[in-house]
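Please read the structure below before turning to the comments.
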Amino acid sequence: MDVLASFGSSTLTIPFRLRGFPGEVVVYYTVNESPALWGFDLLHLPFDVNETIGFPVFLATTRYDGSGYRAVMGWSQVLTITPHDGTKPLFAIDHAPADGDKRSPAAFSYLPSLFDAPGPNPPRNNERWEAESYLLVCPDVARSRRVMPILGVRWGYDLVQRSLSILPLTPLDETDWRRVVPLYRSECPAWDIAEAFHQEDQTAFQP
């Protein structure tokens, strides 16, 4: 099955240049109409997976002309969950349960992708759920704990008394990143977190 065909034409392409080679992130974005297609049957969730129908499905893939260690990068995601009842928002790095106590800002790998498909997680039914997804890179390919963002995109949903609307895909810039830098420095204290997006001619990026 060509899963990418399930996303239709709702995509966003963001070009970048890294370590002397061009690349791009292609974001696929759609509405969940089939929880089984997206693997929800594997999660053993404490609610009916059909509750996730209508929520967004997000996939970001990385294409890049560089090879080997040049292509090592990592995705990271910050969540802002704002209840509509006025209670305090949740603002946190989105670590997977399997990450345990790891304090790394991202999972670094070769040409990484990011998949996410949130749901209502009852009893929450009245909130704005926003994800800021960043592609990060270490200047020396993770030999030291220094990291900076290449690009980012915002997406999510707004749920008002169980009436759901999908938020648009929005490319992020340095202003957005600087807002979350204190969070990364707090949750990943052993890491040097850059405040600027990577630029190919940025001498500070060179190892």
- Message: For region 22-34, check the following and say yes or no: at least one residue is closer than 28 Å to Pro189 by Cα, surrounded by fewer than 17 Cβ atoms within 10 Å (Cβ to Cβ) and within 15 Å of the chain's Cα centre (by Cα).
- Response: no
- Selection from region 167-190 of residues that are of a type in the set (A, V, I, L, M, F, W, C), surrounded by 18 or more Cβ atoms within 10 Å (Cβ to Cβ) and in contact with a strand residue (DSSP E or B) (Cβ under 6 Å, 6 or more places away or on another chain): Leu169, Leu172, Trp177, Val180
- When Gln161 is run through (1) of a type outside the set (Gly, Ala, Ser); (2) modelled with pLDDT of 95 or more; (3) over 14 Å from the mean Cα position of the chain (by Cα), the failure sits at (2)
- Taking the residues in region 42-90 that are of a type in the set (A, V, I, L, M, F, W, C) and in a loop (DSSP other than H, G, I, E, B) as candidates, determine which candidate is farthest from Tyr28 (Cα to Cα). Phe47
- Item | Qualifying residues in region 1-36 (those that are aliphatic (A, V, I, L, M) and at pLDDT below 90) - the one farthest from Val153 (Cα to Cα) | Met1
- Task: Could you please let me know if Val181 is out of contact with any Lys or Arg (no Cβ under 6 Å at 6 or more places or on another chain) and in a strand (DSSP E or B)?
- Result: no
- Message: Anything in region 62-108 that is of a type in the set (Ser, Thr, Tyr), under 14 Å from the mean Cα position of the chain (by Cα) and either farther than 26 Å from Val3 by Cα or at pLDDT below 95 (or both)? List them, or say none.
- Response: Thr80
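Every residue, every condition in (1) in contact (Cβ under 8 Å) with a residue 12 or more places away in the chain; (2) more than 30 Å from Asn121 (Cα to Cα), yes or no:
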position	(1), (2)
Arg146	yes, yes
Leu151	yes, no
Arg154	yes, no
Leu159	yes, no
Glu174	yes, yes
Leu183	yes, no
Ser186	no, no
- Message: Looking only at region 120-149, count every residue that is out of contact with any Lys or Arg (no Cβ under 9 Å at 6 or more places or on another chain), aliphatic (A, V, I, L, M) and modelled with pLDDT of 85 or more and tell me the total.
- Response: 4
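To keep it simple, each residue is scored yes or no on (1) surrounded by fewer than 14 Cβ atoms within 10 Å (Cβ to Cβ); (2) more than 25 Å from Asn50 (Cα to Cα).
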| site | (1), (2) |
| --- | --- |
| Tyr110 | yes, yes |
| Glu132 | no, yes |
| Asp140 | yes, yes |
| Ser144 | yes, yes |
| Met148 | no, yes |
| Trp155 | no, no |
- Query: Which residues, taken from region 50-91, are hydroxyl-bearing (Ser, Thr, Tyr), without any contact (Cβ under 8 Å) to a residue 60 or more places away in the chain and either farther than 18 Å from Glu127 by Cβ or loosely packed, with under 13 Cβ neighbours inside 10 Å (or both)?
  - Reply: Thr61, Tyr64, Ser67, Thr87
- Message: List the strands (runs of 3 or more DSSP E) inside region 91-174, counting only whole elements, that have at least 2 residues being at negative phi and among the aromatic types (Phe, Trp, Tyr).
- Response: 107-110, 127-137, 146-160
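The values are calculated or read from the model by the stated rules, or taken from the named source; none is laboratory data. What you see is a predicted model; the values in this text were computed from it and never measured. Using ideal geometry, Cβ is built from the backbone for each residue, glycine included, and neighbour counts are taken over all protein chains shown.
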